[in-house]
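The values are calculated or read from the model by the stated rules, or taken from the named source; none is laboratory data. Keep in mind it's a predicted model, so treat the numbers as computed, not measured. Using ideal geometry, Cβ is built from the backbone for each residue, glycine included, and neighbour counts are taken over all protein chains shown. Just so you know, the surface numbers come from the protein's heavy atoms only, side chains and all, with ligands and any DNA or RNA stripped out. Shrake-Rupley method; radii C 1.70, N 1.55, O 1.52, S 1.80 Å.
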Amino acid sequence: ATMDAIDVCPSRLERAKLKVKALLAQRGGARTAVYAYAGSTHLVLPLTDDAKLLQTFVDALQTRIMPVAGKDTALAHETISADLAKEDTPGTIVFLTDGVESGATAAFKAQVDSGRSQPLVLGFGTAQGGPVRADGDGFVQDAGGAQRFARLDVDAPKRLQQDAGVPVATVTPGSDDD
């Protein structure tokens, strides 16, 4: 649900979708798959070179479709890596996320050390954070009735890069420099 925060305009999720579109344009027809994860991981679209089909599926992604709340990046990493291991050609796994929990570091390090594929992390959000938009109108509130804010732990990606050797970047609004 934190991907619905609006500290990155129009929201973290919508900005991630725009970055996927930019990445697809850069990849020039390379085979790409799409996974969605929160507390569970799901294959959205298997490897394909059809950029228009990929964009259609990415455009349809919403946080509310995830059946398990939370964030389990290690599970996502393991699921995607297992699927990618079935392919003849190694690949790159790009995580577009608003945080990687410390428990996922070992999975990332193992992948880097294997040399089979390269994980990358592109973080969305700001240290100041922003309110989390609710389904429909309004914003998510906590148990006390206050607006729920989601903040990006800007040190977490740095720790992941240092501890696991994973290239990380934080989204640059209005630019594809990241």
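If you check Leu96, Leu54, Leu61, which single one turns out to be under 17 Å from Lys21 (Cβ atoms), surrounded by 13 or more Cβ atoms within 10 Å (Cβ to Cβ) and in contact (Cβ under 8 Å) with a residue 60 or more places away in the chain? Step through it out loud before you land on a result.
On the way: Leu54 fails: in contact (Cβ under 8 Å) with a residue 60 or more places away in the chain; Leu61 fails: in contact (Cβ under 8 Å) with a residue 60 or more places away in the chain.
Criteria check complete, one pass: Leu96.
Residue by residue through the stretch 1-55, note down the ones that are part of a loop (DSSP other than H, G, I, E, B) and closer than 16 Å to Phe124 by Cβ. Even if it seems obvious, please write down each step before you answer.
So the first thing to find is which residues in the stretch 1-55 are part of a loop (DSSP other than H, G, I, E, B), and the list is 1, 6-11, 28-31, 38-40, 49-50.
The answer is Ala1, Ile6, Asp7, Val8, Cys9, Pro10, Ser11, Ala38.
Output the qualifying pairs, or none if there are none: Cβ atoms under 8 angstrom, residues six or more apart or on different chains, first residue in the stretch 123-146 and at negative phi, second residue charged (D, E, K, R) and assigned to a strand (DSSP E or B).
From residues that are at negative phi, the pairs are Phe139/Arg133; Val140/Arg133.
What residue, among those in the stretch 148-178 that are polar (S, T, N, Q) and modelled with pLDDT of 90 or more, is least open to solvent (accessible area, probe 1.4 Å)? Show your work before the answer.
Keep residues of the stretch 148-178 that are polar (S, T, N, Q), which gives 161-162, 170, 172, 175.
Then drop every residue that is not modelled with pLDDT of 90 or more, which leaves 161-162.
Values: Gln161: 86, Gln162: 152 Å².
So the residue we want is Gln161.
Count, please, the residues in the stretch 20-46 that happen to be open to solvent by less than 70 Å² (accessible area, probe 1.4 Å), hydrophobic (A, V, I, L, M, F, W, C) and within 21 Å of Thr73 (Cβ to Cβ).
Residues in the stretch 20-46 being open to solvent by less than 70 Å² (accessible area, probe 1.4 Å), hydrophobic (A, V, I, L, M, F, W, C) and within 21 Å of Thr73 (Cβ to Cβ): 7 in total.
Mind listing whichever residues of the stretch 64-83 are assigned to a helix (DSSP H, G or I) and open to solvent by 30 Å² or more (accessible area, probe 1.4 Å)? Give the steps one after another, and end with the answer.
First, pick out the residues of the stretch 64-83 that are assigned to a helix (DSSP H, G or I): 64-65, 73-83.
Hits for the stretch 64-83 are Arg64, Ile65, Leu75, Glu78, Thr79, Ala82, Asp83.
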